[in-house]
1. Report the residues of region 191-220 in range of a label on residue 234: point 7 Å along Cα→C-beta, backbone N strictly under 13 Å from it.
2. Among 125, 178, 203, which one shows the biggest mean-square fluctuation in a GNM of the chain, springs joining Cα atoms closer than 10 Å?
3. If you count the DSSP beta bridges with both ends in region 54-174, what percent of them are antiparallel, to the nearest 5?
4. Relative contact order of region 191-260: what whole-number percent is it, with Cα pairs under 8 angstrom and at least 6 residues apart?
5. Once you put a point 7 Å from the Cα of residue 206 and another 7 Å from the Cα of residue 38, both along the Cβ direction, what distance in nm separates them?
6. How large is the convex hull of the Cα atoms of region 98-233 per residue, expressed in Å³ as a whole number?
7. Can you give me the distance in nm between label points at residue 142 and residue 167, each placed 7 Å from the Cα along the Cα-to-Cβ direction?
8. Which percent, to the nearest 5, of DSSP beta bridges fully inside the chain are antiparallel?
C-alpha cells in the first residue's frame, strides 16, 4: 500500500491477481453461433479448383454448426453440395458473413452487389495477387476457426458511385471498389477531356484516359499507370492520367469527399471511348458526355484474420524487402 497526496492509502492488486483482472476486463470473443450463424458462399465461376476448396470449407462450416447458403450464380457452374441455393440479394440479406472463394475479380463483383446490405465479406484467395481475398487455402482451416470464434479484425472500405449524363439525361449508374476509368478503345488515338473537382477546372487533357481510384484500387490499374499507393485508412482518391500527351500531367491525390467530373470533348473527331468500373461494367461514351463520380455513402465491411498487416501484404504481393 502507498499513501496518496490526500493521505488516503492506495491498494494495488497482488501480482498473482493481475492476470485475472486483465482477463476480467477484456471482453470474451463471441462464439460462432452468436456471431456468424448463417454463412453465404460465393465461388469463382468456371474454375474447377474452386469445388475442392468449397468442399473443405463446407465441412468446416458444418462442424461449426453454421447454416450455409450458396450463391445462385456460383451454383450454375459449381456443385451446390445439396445446400440451399439463393440469389445474390437474398444471400446478402440472410447471411451474417459471406465468404468469397476466388480471386480479387470475383471479390470485386461480390463487393459491389452486397455493399448496400451491410454484410461483412471474407475472401479465400484462389487468384494470383489476392489483395482483397487474403486467406490462402492451405491455412483456411486455422484462420477461419479463429474468425468463427470471434478472433478477427474488421475494416471498412469506401466505393465510388458513377453517373454518366448525355444531353442532360442520366444514361448510366455504377459503383466501383477499385477504380473508375474513362479510356479510349478500338483505336490508337488520344481522347480529349476536361477534369473538374468540386466544380473547379483542374486540367484539359489529351491522353489514353484517366483512372479515378480509391485507396483499395491504388494497388491495381492505378499502380500500373504510375500512381502512388494509398493506405486503405486514407479518405482520399487518386487521379492517374493514362499515357498523357503532356509530360507535366501527374497523378493527383485529393479528398474522397470531393465531387469529380470528367467532361468528354465535343469534337466530331473524338475517338471511341468507354467508361469502365472495376474493369467489369462498361458503357460506351459519346462526345460531350459528363461523368460524375462521388464517394458512396455506404462502406464495404471486410473481415480479416486477427493481426492483418497491410504492409505485410504489400511485401508479399509486390515482392518488397527481398535481397538484391
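None of the figures in this text is laboratory data; all of them are computed from the coordinates on show. None of these values were measured; they are calculated from a predicted model. Quick reminder, even Gly has a Cβ in these numbers, built from the backbone with ideal geometry, and neighbours come from all protein chains shown.
1. 213-220
2. Judging by the Gaussian network model, the answer is 203.
3. Restricted to region 54-174, the bridges split so that about 40 percent are antiparallel.
4. Worked out over region 191-260, it gives 32 percent.
5. Distance between label points: 5.7 nm.
6. 155
7. A separation of 6.2 nm, rounded to one decimal place.
8. 75
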